[in-house]
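Only one structure is covered here, and it is reproduced in the block below.
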There are 2 protein chains.
Amino acid sequence: MKTHLASVRTTVKRRPKRGAYDRETINAILDDAFLCHVGFVIDSQPFVIPTSYGRDGETLFIHGSAASRMLKNLANSIDVCVTVTILDGLVLARSAFHHSMNYRSVVILGRASLVTDPKEKEKALLTISEQIVPGRWAEVRPPTTKELKATSVLRIPINEASAKVRTGPPVDDDEDYSLDVWAGVIPIRLMCSPPVADERLPPTVELPDHVIEYQLDQKA
Amino acid sequence: MKTHLASVRTTVKRRPKRGAYDRETINAILDDAFLCHVGFVIDSQPFVIPTSYGRDGETLFIHGSAASRMLKNLANSIDVCVTVTILDGLVLARSAFHHSMNYRSVVILGRASLVTDPKEKEKALLTISEQIVPGRWAEVRPPTTKELKATSVLRIPINEASAKVRTGPPVDDDEDYSLDVWAGVIPIRLMCSPPVADERLPPTVELPDHVIEYQLDQKA
C-alpha cells in the first residue's frame, strides 16, 4: 500500500508547512466530509462541479445519472482533480493582511473509471450513502435493476494527493500585538437543524435512530 | 448590462428545471457565500483550489499571495471555472435511488485578469473582506504598500454563468409513498460557535459589534 501520496503536481508550494501527504491525514479529512468539487477539462475549458462521494479504502466513489454530461465525460478516463474542503473557522488578525481561515482540504489527482460490475456498483452506492447518512441504506427501498442501470458510478484511486491544513490563532506582526484590535477565531462548522418530515409521511412512521442521531454529527 | 448569463457551455443539461441564468438569482447565491472552488488547467491537468472571494457588481475578486502558483497561473489570462456551492439540506427519500440534496450553486466561466491599479486593488481587498466579515476592514490595521505588493488580486467577470438550485421535499415513486420509511429533509447550514479570543489579546480589548453580530449570520 502506498502511504505517501505526494507528487510534483500535488506538493504544496505556498506555506509548505501546511501540507501533508500521508494516507492517514488525507483519509481523516475525506471521512469528515461527503461533498467534493470535481474538476475536469472539456475542449480546454475547465469545469468544476459539486457532488457527493464515499471513500472505501484507497478508492473514492462518485455517482450520478447515467445521462449526466459530467459522468459521461469522466468515464472516458480523463484527468480529474477532486477537492474536498472543510471550513473550520475565520481567523481574525489585527491587520487586514494577516486575516486567514482555518480549514482542512484534500486535493486528489487521478483518472476516473466506470464501475460496471453490478455487485461492485451496488457496494459503491452503499459506500456513498453510508458516508452521507450512516444507517440510512438498510432502512430504505434498495435500488431496482432499472435504477442501477440509470445510475453511473465512477471510481477514483486515491494515489496522488495532498492535504492542506490550517489551525490555531492569528499570527500577527510583532508590533501589531499592541494594537487595540480584537483578534481571534470564529469557529465555523456545518450544523443540522431538526429534520422536517415529508408532508405525505403517515403520522405512524416514527423518526428513525439514524436521523435522530444525525443531529450531533458534524460531518460535511 | 447583460442580464441573461447562459451560454452553450453553462446551460444545465441534467434536470434543466433546476437551472437559472438571470443575474439576480446568481448574485443572490454569490452573496450568501464567500468560499469558491477555482478550476484551472496546467499541462492538461485540471486543478481545483478553494479560496475566498468578494463580489462587486458584475465582477468577482479573488486574492492570494503574489508568490502563489495558482495566482501566477491565473494571471496569465487562462480559462477558469469558479464554482460556489451552498449545501442546504439532505433529502431523505423512501428509496435509495431518490435520495438527493438541497443546494444552491453557481458556475462561472471566464478568464481572470490581474488588478494592477493600487486603488482598485485596495478596493477589491475591501470587497473580499466585507464579503467574509462585514465591518471588519474598518477596525483593523490597513495594508501597507509592501503588503499590497505581496498580494495579488484577480478579477473574473460574471458574464457567462449558471445557477442550479434544488429545494423542497423528496420526490418518490408513487408506489413508494406507502412504505413504512421515514422521509423528509435534514436542513444543513454553516454555523458559528462563540468567538475564541487570541491568547495574546489584552483583557481590555472588548469584543466588537461586527464579531458579536456575526453569530447570527448564515453566510458561507
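Restricting attention to the range A:192-206, the residues that are at the interface with another protein chain (Cβ under 7 Å from one of its Cβ atoms) and not acidic (D, E) add up to 8. Of the residues that sit in the range B:149-166 and are within 12 Å of chain A (Cβ to nearest Cβ) and closer than 17 Å to B:D31 by Cβ, which one is surrounded by the most Cβ atoms within 10 Å (Cβ to Cβ)? Ranking the candidates gives B:S162 first. Selection of the range A:28-64 for residues being touching a residue at least 40 places away in the same chain (Cβ under 8 Å) and more than 23 Å from B:Y103 (Cβ to Cβ) yields A:D56, A:E58, A:T59. The set of residues in the range A:127-145 being at the interface with chain B (Cβ under 9 Å from one of its Cβ atoms) and either free of Cβ contacts under 8 Å to residues at least 40 places away in the same chain or in a strand (DSSP E or B) (or both) consists of A:W137, A:V140, A:R141, A:P142, A:P143, A:T144. Among the residues of the range B:116-126, just one is crowded, with 21+ Cβ neighbours inside 10 Å and either under 13 Å from the mean Cα position of the chain (by Cα) or within 10 Å of chain A (Cβ to nearest Cβ) (or both), namely B:L125.
Given the criteria under 23 Å from A:V205 (Cα atoms), of a type in the set (A, V, I, L, M), touching a helix residue (DSSP H, G or I) at 6+ places or on another chain (Cβ under 9 Å) and outside any helix (DSSP H, G or I), does B:V181 qualify? When the stated conditions are applied, B:V181 passes them. Checking A:V165, A:V181 one by one, the residue that is in contact (Cβ under 8 Å) with a residue 12 or more places away in the chain and more than 30 Å from A:C36 (Cβ to Cβ) is A:V181 and no other.
Laboratory data are not the source of any read-out in this text; all were calculated from the coordinates shown. Since this is a predicted model, take the numbers as computed values, not measurements. Glycine gets a Cβ as well: all are built from the backbone with ideal geometry, and neighbour counts include every protein chain shown.
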